[in-house]
1. Anything in the range 59-79 that is in contact (Cβ under 8 Å) with a residue 24 or more places away in the chain and not polar (S, T, N, Q)? List them, or say none.
2. List the pairs whose first member sits in the range 2-15 and is open to solvent by 30 Å² or more (accessible area, probe 1.4 Å), whose second member is not in a loop (DSSP other than H, G, I, E, B) and not aliphatic (A, V, I, L, M), and whose Cβ atoms are under 6 Å apart, counting only residues at least 6 apart or on separate chains?
3. If you check Gly89, Gly114, Gly145, which single one turns out to be within 25 Å of Ala28 (Cα to Cα), without any contact (Cβ under 8 Å) to a residue 12 or more places away in the chain and out of contact with any helix residue (DSSP H, G or I) (no Cβ under 6 Å at 6 or more places or on another chain)?
4. Could you list all residues from the range 104-123 that are closer than 13 Å to Phe77 by Cβ, in a loop (DSSP other than H, G, I, E, B) and under 10 Å from the mean Cα position of the chain (by Cα)?
5. Out of Phe31, Phe59, Phe13, Phe7, which single residue is over 17 Å from the mean Cα position of the chain (by Cα) and either closer than 24 Å to Val116 by Cα or modelled with pLDDT of 95 or more (or both)?
6. With the condition kept exactly as written, say whether any residue in the range 126-142 is surrounded by fewer than 16 Cβ atoms within 10 Å (Cβ to Cβ), within 15 Å of the chain's Cα centre (by Cα) and over 17 Å from Phe31 (Cβ atoms).
7. Suppose we filter Leu123, Leu131 for residues that are at positive phi and of a type outside the set (Val, Ile, Thr); which single one remains?
8. Take the residues in the range 41-74 that are in contact with a strand residue (DSSP E or B) (Cβ under 7 Å, 6 or more places away or on another chain) and either crowded, with 20+ Cβ neighbours inside 10 Å or among the aromatic types (Phe, Trp, Tyr) (or both), then tell me which one is nearest to Ala111 (Cα to Cα).
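The values are calculated or read from the model by the stated rules, or taken from the named source; none is laboratory data. What you see is a predicted model; the values in this text were computed from it and never measured. Reconstructed Cβ throughout: ideal geometry from the backbone, glycine too, with neighbour counts over all protein chains shown. Each accessible area value is taken on the protein alone, full model and side chains, heavy atoms only, with ligands, DNA and RNA left out. Shrake-Rupley method; radii C 1.70, N 1.55, O 1.52, S 1.80 Å.
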Amino acid sequence: MTKIPTFDSSCSFDSAIGPISLYALDDAVVFLTMGHPAAANLGKSKVLNEATKQLKAYFSGKSKTLNFAVSANGTAFQEAVWGQIAKLGFGETTSYAEIAEAIGNPKAVRAVGGAVGANPVPLVIGCHRVLGVSGQITGYSGGDGIATKTWLLEHEGIPVKL
């Protein structure tokens, strides 16, 4: 599991894929986990209330957008990858190769996979929407792995290829 960055507030709620835990610093979500042990409810943060509301609406099928404040800090390469993923909307997919091409480094497909796996705010930066070049699921580091990714893709109406 990736180390949780510094935070000043946290909360959790139950979802269809297990507990969702949110961590915020200075009113921006800095980390999100799925299916791991629930975080304690610590501190007070308006962004955590908004994020919880939006994520519950997403899981219930009432909303297709997540637009609360996040702060995803990584290397320049990781942030470029995350920026490409963040452009995807509900039900849209891309491949690792397409991201590598879009960031001007077409040979960096494996490195793109590493950056996708390091995404600190999955669901908001929808890394579940990144598939292999022929549309297959190649792995997933969130929640229960491929089972979680499959649920998220099916929830968004994306055909699943294992």
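1. Phe59, Gly61, Lys64, Leu66, Phe68, Ala69, Val70, Ala72, Gly74, Phe77
2. Final answer for the pair search is Ile4/Tyr23; Ile4/Phe31; Pro5/Phe31; Phe7/Tyr23; Ser12/Pro19; Ser12/Ser21.
3. Just a single option satisfies the conditions, and that option is Gly114.
4. Ala118, Asn119
5. One residue alone meets the criteria, Phe7.
6. Yes, because at least one residue in the range 126-142 is surrounded by fewer than 16 Cβ atoms within 10 Å (Cβ to Cβ), within 15 Å of the chain's Cα centre (by Cα) and over 17 Å from Phe31 (Cβ atoms).
7. None of the other options fit; the residue is Leu123.
8. Val70
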